[in-house]
1. Could you look through the range 95-119, keep only residues that are touching a strand residue (DSSP E or B) at 6+ places or on another chain (Cβ under 9 Å) and surrounded by fewer than 17 Cβ atoms within 10 Å (Cβ to Cβ), and pick out the one that is modelled with the highest pLDDT?
2. Looking at this structure, is Glu150 of a type outside the set (Ser, Thr, Tyr), open to solvent by 50 Å² or more (accessible area, probe 1.4 Å) and part of a helix (DSSP H, G or I)?
3. So, in the range 181-216, how many residues would count as being within 19 Å of Ala137 (Cβ to Cβ), assigned to a loop (DSSP other than H, G, I, E, B) and open to solvent by less than 30 Å² (accessible area, probe 1.4 Å)?
4. For the range 25-41, check the following and say yes or no: at least one residue is in a loop (DSSP other than H, G, I, E, B), touching a strand residue (DSSP E or B) at 6+ places or on another chain (Cβ under 6 Å) and either open to solvent by less than 20 Å² (accessible area, probe 1.4 Å) or within 17 Å of Gly233 (Cα to Cα) (or both).
5. Would you mind stating whether Phe62 is surrounded by 19 or more Cβ atoms within 10 Å (Cβ to Cβ) and among the aromatic types (Phe, Trp, Tyr)?
6. State all residues of the range 227-237 that are open to solvent by less than 20 Å² (accessible area, probe 1.4 Å) and either in contact with a Leu (Cβ under 6 Å, 6 or more places away or on another chain) or of a type in the set (Asp, Glu) (or both); if no residue qualifies, say none.
7. Here is a check on your reading of the model: is Ala55 aliphatic (A, V, I, L, M) and surrounded by fewer than 16 Cβ atoms within 10 Å (Cβ to Cβ)?
8. Which condition breaks for Arg188 when tested against (1) touching a helix residue (DSSP H, G or I) at 6+ places or on another chain (Cβ under 8 Å); (2) free of Cβ contacts under 8 Å to residues at least 60 places away in the same chain; (3) at positive phi?
Amino acid sequence: MVQPEVSVPGTKVALSTASVYPESTATAFEIAARLGYDGVEVMVWTDPVSQDIEALRRLSDFHGVPVLAVHAPCLLITQRVWSTDPWVKLQKARSAAERLGASTVVVHPPFRWQRAYAREFVRGVWRMADETDVRFAVENMFPWRYRDREMLAYAPDWDPTRDDYRHFTLDLSHTATSRTDTLAMLDRMGERLGHIHIADGNGSNKDEHLVPGRGTQPCAEVLSHLGGMGFDGHVVVEVNTRRAMSAAEREEDLAEALAYTRLHLAGGAAGGEAARRLAVPGGTEAPGNPGSDDAGPDAPGARTKGRRR
C-alpha cells in the first residue's frame, strides 16, 4: 500500500466521508485515522450517524480524527434529511460545525425548482456568515446533461463566481463535468477560495470524482498553487470508490489520493518559500508569516473578506 510521507504545515488534507461509500460514516473515520489524514469532512446524508452530532463527536474522539468541515445535506437524496426547509438545513449544518469544531460548511447552490430559497440564497448566506466564524463555502456545480440535452438545474447559477459570496468551494470533478477552465475559475475565486474538493474527471456527462491524477484536470497545478500561496483552508479528498473490488483496494485508492495531494502541496510550498527568500536582499525571509495575522495585505496567503456588491 502507498504510504504518504510528506505533509504541509498549515494546509490540512481531509477525507470526505462520501469517499468510502457504500461503506459507512464510521468506516470513514477509521480509514482516515489508519491512512494518516488530518481530519474528515462529514457528508450529511442518509446514514443516521452522519446526522448525529454526538455520534460524530464520539467517532472523532475515539479515532483522534477531527471534523474539519460539514457538508450540508444538499443532494437530491437528502432532501428530507434534517428538514425539508433548506434554511433549517444550513442552520443545523452551522450548529454541527460549531459544536464539532469544524471551520467550514460546504453548501451547493439551490436547485432551480427551490424558487423562494434561490431568490434569497445570496443574501441569506451572507446573513448566516455574518453570525458565525464558520465559513459558508458555496461549491461550483455543473449543468445536467443527457445525450445532446442540457438542463440548468441550479439557481442563481451552477457557477458561484457569477454571484457574490464570501467564500467558495472549488470542486475539480465538477469543473470537469461542467467543462470549465479550472485555472480560470480558481483565479476568479481568488482570495475568497476557502475550501477545495480534490478529485479528477475526464469531462464526461457524469460527475466522476476520480482519484486525482487519473483524469484530465490540472490537479497538480491547483495543489502547487495552493501550497505556494500558503492556502489556509482545507483540501478534502472527495473521490468515488464504489467500483473498488475490496476494502483493501478502496484503501489503496484513498492512500494514493492522499499521497498525491500532499506531494503537490509540498512542491508548491517549497517553491513559494524559495521565491519569498529570493525576493528579499541577502536571501532572508520576507517580513510576515504568509497566512498569519502579521502578513501584509499583499503577502502570499494573506486573505481578505469578500465585499458585497
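The values are calculated or read from the model by the stated rules, or taken from the named source; none is laboratory data. Keep in mind that this is a model prediction, so the values were computed, not measured. Cβ coordinates were reconstructed from backbone atoms using ideal geometry, including for glycine residues, and neighbour counts include every protein chain displayed. In case anyone asks, the SASA skips ligands and DNA or RNA and just uses the protein heavy atoms, side chains included. Shrake-Rupley method; radii C 1.70, N 1.55, O 1.52, S 1.80 Å.
1. Of all residues in the range 95-119, those touching a strand residue (DSSP E or B) at 6+ places or on another chain (Cβ under 9 Å) come to 96-97, 100-112, 117-118.
Now narrow it down to the ones that are surrounded by fewer than 17 Cβ atoms within 10 Å (Cβ to Cβ): 101, 112.
Details: Gly101: 97, Arg112: 93.
Here the answer is Gly101.
2. Details: of a type outside the set (Ser, Thr, Tyr): yes; open to solvent by 50 Å² or more (accessible area, probe 1.4 Å): yes; part of a helix (DSSP H, G or I): no.
When the stated conditions are applied, Glu150 does not pass them.
3. Within the range 181-216, residues that are within 19 Å of Ala137 (Cβ to Cβ), assigned to a loop (DSSP other than H, G, I, E, B) and open to solvent by less than 30 Å² (accessible area, probe 1.4 Å) number 2.
4. Checked the range 25-41: at least one residue is in a loop (DSSP other than H, G, I, E, B), touching a strand residue (DSSP E or B) at 6+ places or on another chain (Cβ under 6 Å) and either open to solvent by less than 20 Å² (accessible area, probe 1.4 Å) or within 17 Å of Gly233 (Cα to Cα) (or both).
5. Numbers: surrounded by 19 or more Cβ atoms within 10 Å (Cβ to Cβ): no; among the aromatic types (Phe, Trp, Tyr): yes.
When the stated conditions are applied, Phe62 does not pass them.
6. Gly227, Val237
7. Against the criterion (aliphatic (A, V, I, L, M) and surrounded by fewer than 16 Cβ atoms within 10 Å (Cβ to Cβ)), Ala55 qualifies.
8. (3)
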